Amino acid sequence: MTEKIEIGDGDVLLVVDVQNDFCPGGCLPVPRGDEVVPLINRLANRFPHVVLTQDWHPPRHHSFASSHPGKQPFETTTVAYGPQVLWPDHCVQATSGAEFHAELKIPHAELVLRKGFRREIDSYSAFYENDRKTPTGLAGYLRERGLTRVFLAGLAFDFCVRFSTEDAKREGFAVVVIEDACRGIDLDGSVAATRDALAGLGIACVDSGSIVGA
Ligand SMILES: [Zn+2]
């Protein structure tokens, strides 16, 4: 039998990038990405604290293939801070693609953290931008609020969820990934690589059924 995890006052659900562009029909769709919405709504109702992240790029962002002449989406290039996968234009500020999925209903979310708004730097993680040095402020926010354990759900498992999870651990938070509340892009085996990386860090990937309480 799977070990049960009880939700308590120090727990926060971090809902990563459940936005139109990452769902079927969007500019950078995660396969079956919209399937997580009803489950995340149900989970969020049971958490005392919820934070949403929102990928939020200016036009001509450096993570867009269209900003690099001759490059195609899903190629990797080298930018100032190292390798960067180039994506289709997505989650451009104030576009419908950047809005949360219409069925995502979490009115009690306490913070919407926008990331990726600096044109020169992408930000997969909710904690650090892709230069791995520029903090978003989320770690300080959670610490000041006395929140000590971060549960992650959302899109995409193998990019923004993965980086957010690893950084949460690095920042000293207890971390739990709710894997059935995530979907992956799976670029060149990135889903399996993510599972391996998280297991190597001792980070639990659990099923939502093992979460009890609240
Ligand atoms: Zn992005």
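The values are calculated or read from the model by the stated rules, or taken from the named source; none is laboratory data. Keep in mind that what you see is a predicted model, and the values were worked out from it rather than measured. In this analysis, Cβ positions are derived from the backbone assuming ideal geometry, glycine residues included, and neighbour counts consider all displayed protein chains.
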- Does PHE173 satisfy the criteria of being out of contact with any Leu (no Cβ under 6 Å at 6 or more places or on another chain), closer than 20 Å to HIS90 by Cα and modelled with pLDDT of 95 or more? no
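What do you reckon, is ILE178 within 16 Å of the ligand (Cβ to nearest atom) and of a type in the set (Val, Ile, Thr)?
Details: within 16 Å of the ligand (Cβ to nearest atom): no; of a type in the set (Val, Ile, Thr): yes.
The answer is no for ILE178.
What is the residue count in segment 146-189 for residues that are over 20 Å from PHE74 (Cα atoms), among the acidic types (Asp, Glu) and assigned to a loop (DSSP other than H, G, I, E, B)?
If we filter segment 146-189 for residues that are over 20 Å from PHE74 (Cα atoms), which is where we start, we get 146-154, 164-182.
In the following step, the residues that additionally are among the acidic types (Asp, Glu) were identified as 166-167, 171, 179-180.
Subset that is assigned to a loop (DSSP other than H, G, I, E, B): 171.
Matching residues across segment 146-189 total 1.
Quick check on this structure: which one of ARG162, ARG183, ARG143 is touching a residue at least 40 places away in the same chain (Cβ under 8 Å) and either closer than 16 Å to VAL50 by Cα or surrounded by 21 or more Cβ atoms within 10 Å (Cβ to Cβ) (or both)?
ARG183
Quick one: would you say HIS61 is away from the ligand (no atom under 13 Å from the Cβ) and assigned to a loop (DSSP other than H, G, I, E, B)? Don't jump to the end; show me each part of the working.
Working: away from the ligand (no atom under 13 Å from the Cβ): no; assigned to a loop (DSSP other than H, G, I, E, B): yes.
Taking the combined requirement at face value, the residue does not satisfy it.
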- Members of segment 12-26 that are in a loop (DSSP other than H, G, I, E, B) and within 13 Å of the ligand (Cβ to nearest atom): ASP17, GLY26
- Any chance segment 127-134 includes a residue that's buried (at least 21 other Cβ atoms within 10 Å of the Cβ), polar (S, T, N, Q) and either more than 15 Å from the ligand (Cβ to nearest atom) or farther than 15 Å from GLN54 by Cα (or both)? yes
- Scan of segment 27-58 for residues that are in a loop (DSSP other than H, G, I, E, B) and of a type in the set (Lys, Arg), ordered by number: ARG32
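Can you pull out the residues in segment 47-70 that are within 18 Å of PRO83 (Cβ to Cβ), in contact with a Lys or Arg (Cβ under 8 Å, 6 or more places away or on another chain) and not aliphatic (A, V, I, L, M)?
Just the residues of segment 47-70 that are within 18 Å of PRO83 (Cβ to Cβ), to begin with: 61-65, 67-68, 70.
Retained after the next criterion (residues that are in contact with a Lys or Arg (Cβ under 8 Å, 6 or more places away or on another chain)): 61-62, 65, 67.
Scanning segment 47-70 gives HIS61, HIS62, SER67.
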- Exactly one of (1) exposed (fewer than 14 other Cβ atoms within 10 Å of the Cβ); (2) modelled with pLDDT under 95 is unmet by ILE121. Its number? (1)
- Note on the structure: Residues in segment 101-117 that are surrounded by fewer than 17 Cβ atoms within 10 Å (Cβ to Cβ) and either β-branched (Val, Ile, Thr) or touching a Ser or Thr at 6+ places or on another chain (Cβ under 7 Å) (or both) total 1
- Could you please find all residues in segment 141-188 being over 26 Å from PRO38 (Cβ atoms) and within 12 Å of the chain's Cα centre (by Cα)? GLU166, ASP167
- Examine segment 27-38 for a residue that is away from the ligand (no atom under 15 Å from the Cβ), within 19 Å of PHE157 (Cα to Cα) and of a type in the set (A, V, I, L, M), and state whether such a residue exists. yes
